[in-house]
1. Under 5 Å between amide hydrogens, which residues at least 5 positions from L287 or on another chain qualify, with H placed 1.01 Å from N in the peptide plane?
2. Considering the values [x] 1.30; [y] 0.95; [z] 1.05, which represents Cα Rg over 2.2 N^0.38 Å as calculated for the structure under consideration?
3. Can you list the lysines whose alpha carbon is less than 30 Å from that of K136, not counting same-chain residues fewer than 8 positions off?
4. What angle, in degrees between 0 and 90 and rounded to the nearest 10, separates the Cα long axis of helix 389-403 from the longest principal axis of the Cα atoms of the chain?
5. Starting from the amide H of F341, placed 1.01 Å from N in the peptide plane, find each other amide H under 5 Å away whose residue is 5 or more places distant or on another chain.
6. Can you give me the relative contact order of the chain as a percent, contacts being Cα pairs under 8 Å and 6 or more apart?
7. Per residue of the range 191-197, what does 6.51 cos²θ - 1.76 cosθ + 1.60 with θ = phi - 60° give for ³J(HN,Hα)? Whole Hz please, x for Gly and Pro, Karplus curve as stated.
8. Report for the chain the percent antiparallel among DSSP-assigned beta bridges with both residues inside it, nearest 5.
Amino acid sequence: MSVTALPDSALAFREARLADIVPFYEDLTARQLEGDEAVEAWLNEWSRLEELFTEAANEASTAYDRDTTDPAKEAADLRFSSEISPRLEPYRVKLGEKLVASGFSRPDLEPTIARWRNRIELFREENVPLVAEEQKLASRYSKVIGGLASDWQGERLPPPMLRPYTNSADRSQREQAYRAFFAPYIDARDELAGIFDALYDLRQKQARNAGFENYRDYMHRAKNRFDYTVEDTLRFQDAVAAAVVPAMERVYLRRARQMDLREDLIRPWDAIDNHVGNPDPVGLPALRPFDTEGDLIDKAQRVFQNVDPVLGEYFGRLVGGGMLDLMSRQGKAPGGYCTTFPIRRLPFIFTNASGVAGDVDTLLHEAGHAFHSFESMKLPFVFQRFPGSEMAEVASMSMELLGAPYLNGSNEAFYSDEEARRARVGHLEEALASIAHIASVDAFQHWIYTSGEGGDRDARDREWLRIRERFVKGVDWSGCEQEQVARWYEQVHFFSYPFYYIEYGIAQMGAFQVWRNALQDQAAAVAAYRRALALGGSRPLPELFAAAGAHLVFDEAGMGELVMLVEEQLASLR
């Protein structure tokens, strides 16, 4: 490959090895930068290089996620994620050093330059092979999970395909489906624990190499959390325990009485978990808002068109570009996400839908990420476009709430009016339940990497149960301890995205504020939402929240006010 000019297409990088890509970084490193115009031209070229590489890497990653059984796709993904990308970090850091040393700045690049300063300070050459090994382990986790199957009515089904049954009106069927959902995770526990043992060791070594006592403190810095502290995350956990957990206890107490259960305790298959189920408490059949992927897409298109015609047009681009893979199937990686192909200027949405109400919420969520990408891709440099996970999740969680008023209204909508009422109650209850789950996930990760016992697989399982007792109350887990433990092995973030979870809680508080504004003036709230998305990462986090009409919330009083709003809306819907 010539280093005199970048290739016109990411196709040139599709089969590339590290040695094919490094010369482009070396060429940029060797450039002389004299004057602001020269720096801007150089930034444009660097940004284009990152776009080309990201396009090729994301093509490989999504292809493997769509079919984890294909060895060639697995090899291609590993080539990018473990052989190339981590080993490009030293070259990227050199470019970051060059940018910082140039003295070039302007307001919309201040957060970018601050992130580069942080990245430079944290970089250690000895961590490069450790990150590569970590990526291999994360890929192995995806392969194991993608191959799991539950025994159900004479078939072997991926666990996500049991969600219609974990939402069944038949309580005994719910229990059977719940246990079948977690059975393969229980069977795979030792293998998954072994993967995590290795991840734990690698991550603690990275932290020590960078001069930190533990991986928790290292990751707080590595994630550019400039606008809140580790202590703020602990305050957030305490606020959840004080404000959200009692609200969920009230939800579960109401549910137990509706089910006429003794001792006012529900069982796990009656509870709310957006990964597993949210059955109707009075025994109504589970909502089935769509039958096929095409049905899901068509109905979602109408929702987004009603929220905002521009957003509807954005979603239409995803459909036209083949940028949706929404239904669960054997061999498909777990979870859901949105990623971006920056050369094509198109996001890609990946989910594991099975026809339940939660799948609609998931698509709205990931579409929020996609809309964020569409808006922020208008910024000139790739470095400006990602705002950090906190604001990224405001984009997605707000869309779940902004789209809710349009889930019904015609024969071609997801729901009838009564079904929409049930869906909105379910969604708001799930939002509260998810905050409690977020706090438990964050608290567990704090413990894993700071307690000194995180490398002990049995101690991890015991601590997960103890933390769940703090954040999930009102549920009788007797006889289901193995399933409760298996829940953390099912959570992909522990394995593949460490410490990416408190952002969901921070963002949910932001999304509740966007929603509160929408209850007063939907059009104005949507306009503010789009203006905030268009800023990408060009301003600090508090300013991004402010642009959307929100502020950061870590305290019990602020959280309690928003929880009260949710409970008031639930009461009116009921």
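1. For L287, whose amide H was placed from the backbone, the distant partners under 5 Å are A357.
2. It is the value labelled [y].
3. Candidates past the 8-residue exclusion: K73, K94, K205, K223, K332.
4. That helix lies at roughly 40 degrees to the long axis.
5. L346, F348
6. 19 percent
7. Once rounded to whole Hz, the list reads 5, 5, 5, x, 4, 5, 3.
8. Of the beta bridges lying entirely in the chain, close to 65 percent run antiparallel.
We did not get these values from a lab; they are worked out from the coordinates using the rules stated. Remember, it's a predicted structure, so these values are computed and weren't measured experimentally. Ideal geometry is used to build each Cβ from the backbone, glycine not excepted, and the neighbour counts take in all protein chains shown.
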